[in-house]
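Taken together, the values in this text are just the output of simple stated rules run on the coordinates, not laboratory data. Computed from a predicted structure; not experimentally measured. FYI the Cβ positions are ideal-geometry reconstructions off the backbone, even for glycines, and counts take in every protein chain you see.
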Amino acid sequence: MEKTIYIRATIIISAIILLLKVAQLQLFDSRTRTSAQAAALSKQVQYPSRGLMFDRNGNLLVYNDALYDILVVYNNVNPAIDTALFCKLLEIDQDTYIKRLNRDWRNPQFSKNVEFVFLSKVSSKIYGRFQEHLFEFPGFRARLRNVRGYQFPGAAHVLGFINEVDQSFLDNHPDEYESGDFTGITGLENSYEKELRGAKGYKYILKDNLGREVGPYEEGRLDSSAVPGYDLITTLDIDLQMYAEQLMKNKIGGIVGIEPSSGEILCMQSSPSWDPNDLTIHKYRTERFEELLKDTLDPFFDRTVMAQYPPGSIFKMVVGLIALQEEVTHPNQFISCNGTYHNTKRDIRKCRNHPAPYNMSIALQYSCNSYFFELFKNVVDKYGYNQAERGLDNFHNYLKNFGFGATLSLDHFNEKPGFIPDSRFYSKTHPNLRSPNIVSLGIGQGELQMTNLQMANLAAILANRGSFITPHLLKSFRDAPQKLSEKATSKRSVRIAEHHFIPIIAGMQEVVNSGTGRSAKIDGIQVCGKTGTVENSHGKDHSVFLAFAPVENPQIALAVYVENSGGGSRYAAPIAGLLIEKYLNKTISISKEPLEQRLLETNLLPSVTAP
């Protein structure tokens with residue numbers, strides 16, 4: 001009897017323990033509920049459409065193109081499906097089918113009842129054929145993805161491209177991205193990734209123990225719709241941009257055009273470049289990407305913001321302005337020049353043969369080196385010949401106000417700052433600094449370096465008579481609450497009195513009317529410009545031209561830099577003139593067509609370029 005009671009008590013106690021454990025698992029332990037829910041639910045991602053891009057005139061630049069992921073639940077696949085037809089439709093072979101369908105099922109991260117990506121980046125053309133037969137392949141479904149397409153074969157550096165995120169990116173953005181997501185890598189795609197990408201939506205689907213869909217979870221109350229990204233209006237004028245690309249074909253260098261009154265970048269061309277459609281997400285992308293990487297001319301190197309060049313003679317306007325502001329000269333000062341400049345007894349520098357520079361405007365018109373060597377020395381020696389450090393640092397501070405020696409653009413993460421030397425830089429090489437040691441700075445040579453963007457911004461400063469708005473590529477977001485930053489709307493002063501720009505601009509007018517920049521002249525429009533020839537120890541000199549037009553109420557300011565092409569009047573000036581005429585008149589005059597044709601046909605590339 002006692003033995004029977006003992007057995008009954010043991011059974012009752014065991015039953016109570018089991019009941020308590022079940023209660024714990026089902027009522028109190030959230031981990032168990034979560035695990036069960038995960039086994040019964042499928043969380044399906046709804047990808048948003050990425051924001052489109054337009055130019056300033058409403059022309060579509062970047063649109064979304066459809067790609068598809070083919071998803072599968074292994075246990076729902078019919079072993080008797082027509083694999084030959086399946087593979088033909090998706091343009092894969094049988095080995096690929098077997099390899100992609102099977103996983104290491106011993107690995108706990110894989111489950112035969114959980115959906116996974118069978119094939120990614122399927123084009124809309126291939127998917128169109130596959131969709132017609134999708135009902136024949138139970139267990140498979142498609143998921144739409146948006147990738148980029150480009151309306152024009154240009155502006156590749158500016159627009160940028162997207163790419164699939166890698167593990168290092170995911171490690172840095174664990175809450176924002178998942179494996180398989182795309183993100184902007186370069187250009188505006190990268191700069192405004194947050195605004196362009198939109199927000200994902202999610203659908204929660206109930207499944208049975210075999211992974212088959214039963215219906216929406218909780219009648220869809222937890223579902224959310226994808227939110228499209230904001231459309232981006234760029235400051236570009238795509239007609240001007242494409243014309244710049246045509247003129248720079250088979251040449252190395254950069255062009256930046258700016259609307260002076262707003263700081264909006266009208267065109268931004270680095271050459272050589274590529275067709276942005278080459279790097280859309282398609283099966284030939286890797287091959288094309290590797291070709292571009294191997295190209296010895298480095299098309300991925302954006303010469304508008306990454307190349308740092310000596311500015312050459314276009315810097316003479318800056319030297320003249322600072323000399324006037326510092327009152328070490330006046331507009332009508334005469335400085336003798338007989339074709340040479342005697343810097344020291346042993347250092348005699350060349351200048352070209354030209355009429356006597358009776359004033360600063362004439363000196364600019366004929367780009368007299370002697371005149372600006374002397375002005376630069378006057379600025380540096382203002383506090384005394386033995387206090388050149390103080391004079392140079394004062395000069396350096398003016399240059400910083402012009403935006404030199406620092407990054408300018410709001411939209412470029414790859415922009416370089418250029419370089420403007422000060423007394424600390426020379427302290428090791430010239431412990432007793434004197435103005436003759438650094439006189440090359442007076443004509444934009446020596447250690448001075450500027451980017452193409454900084455040169456164009458200098459043109460905008462001259463056009464505005466002493467101020468500029470930070471150059472930028474974003475005009476607005478369509479239907480978005482965001483406003484442009486203060487830097488993109490507020491003016492910055494260069495601390496030069498406006499009346500000092502009068503002789504500088506007069507000289508720039510004569511450069512184009514009857515000086516070294518005559519090839520940039522346009523009938524009916526007064527162009528102000530300055531040529532530059534930059535010494536190059538590795539080959540032909542570089543050609544540079546800075547300009548704005550019209551002289552009153554300027555609409556465009558730009559800088560053209562053509563590497564290894566000789567003097568500024570040979571290529572940079574005529575290219576700039578054609579661009580200005582195209583922007584202001586929307587066409588090229590008949591009289592300029594032979595010049596245009598010559599520039600379009602000119603090939604300045606080295607004889608060996610890409611392998």
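Given the peptides 119-130, 518-529, arrange them by the average over their residues of other C-beta atoms within 10 Å, most packed first.
Values: 119-130: 16.8, 518-529: 20.2.
Ranked by mean Cβ neighbours within 10 Å, highest first: 518-529, 119-130.
For Ser124 and Lys487, the FRET efficiency from 1/(1 + (r/R0)^6), where r spans their Cβ atoms and R0 equals 41 Å, is about 0.50.
For the residues Val45, Val380, what sequence is obtained by ranking on other C-beta atoms within 10 Å, fewest first?
If I rank by nearby Cβ atoms, fewest first, I get Val45, Val380.
Projecting the Cα atoms of Ile70, Leu473, Ala244 onto the charge dipole of the chain, computed from C-beta unit charges around the Cα centre, puts Leu473 farthest toward the positive end. In the chain, the longest principal axis of the Cα atoms and the axis of helix 238-247 are about 60 degrees apart. Report the local net charge at Phe425: Lys and Arg +1, Asp and Glu -1, summed over other residues whose C-beta lies under 12 Å from its C-beta. Around Phe425, the surrounding residues sum to -2.
Dipole orientation for region 358-508: of the candidates Ile438, Phe402, Phe413, Phe413 has the Cα lying most toward the positive pole (charges on Cβ; Lys, Arg +1; Asp, Glu -1). Partners of Lys582 within straight-line reach, counting aspartates and glutamates whose Cα lies under 17 Å from its Cα and excluding those fewer than 8 residues away in the same chain: Asp55, Asp237, Asp239, Glu245, Glu259, Asp523, Glu593, Glu596. Within region 43-234, all pairs of alpha-carbon atoms sorted by distance into 5 Å bins from zero give the percentages 1, 7, 13, 16, 17, 16, 13, 9, 5, 2, 1, 0.
Axis angle, to the nearest 10 degrees, between helix 285-294 and the longest C-alpha principal axis of the chain: 30 degrees. Taking a ≥ b ≥ c as the square roots of the eigenvalues of the Cα gyration tensor, an a/c ratio of 1.5 or more together with a/b larger than b/c marks region 299-435 as prolate. Farthest toward the positive end of the dipole of the chain, out of Ser120, Met53, Leu453, is the Cα of Leu453, where the dipole comes from beta carbon charges about the Cα centre. Most simply put, the chain has about 95% antiparallel DSSP beta bridges, counting only bridges with both residues inside it.
Set against the labelled values [x] 23.6, 71; [y] 33.2, 134; [z] 28.0, 98, Rg and Dmax of the Cα atoms in Å computed from this structure falls on [y]. Here the gap between Leu600 and Ala84, fully extended at 0.36 nm per residue and compared with their Cα-Cα distance, gives a gain of 180.6 nm. In the structure shown, the pairs Lys316/Lys428; Lys350/Lys416; Lys316/Lys377; Lys345/Lys377 are assessed against 20 Å; a Cα-Cα span above that value is assigned to Lys316/Lys428; Lys350/Lys416.
For the chain, the longest principal axis of the C-alpha atoms and the axis of helix 369-380 are separated by about 80°. Modelled this way, with points 7 Å down the Cα-to-C-beta line, the labels at Lys586 and Asp104 are 6.5 nm from one another. Using only side-chain charges placed at the Cβ, +1 for Lys and Arg and -1 for Asp and Glu, the dipole size of the chain relative to its Cα centre rounds to 720 debye.
Region 503-560 and region 106-164 have Cα centres separated by 51 Å.
When the Cα gyration tensor is reduced to axis lengths a ≥ b ≥ c, the ratio a/c is 1.5 or higher for region 190-290, and with a/b not above b/c it is classed as oblate. Each Lys and Arg contributes +1 and each Asp and Glu -1, all at the Cβ; summed about the Cα centre of region 43-234, the dipole is approximately 300 debye. Among Ile575, Ile348, sorting on how many other beta-carbon atoms sit within 10 Å of each Cβ, with the fewest leading, yields Ile348, Ile575.
Counting other Cβ atoms within 10 Å as a rough exposure proxy, the listed residues Tyr398, Tyr309, Tyr385 run Tyr385, Tyr398, Tyr309 from fewest neighbours to most. Each of the peptides 583-591, 406-414 was scored by the mean count of other Cβ atoms within 10 Å over its residues; in descending order, highest first, they stand as 406-414, 583-591.
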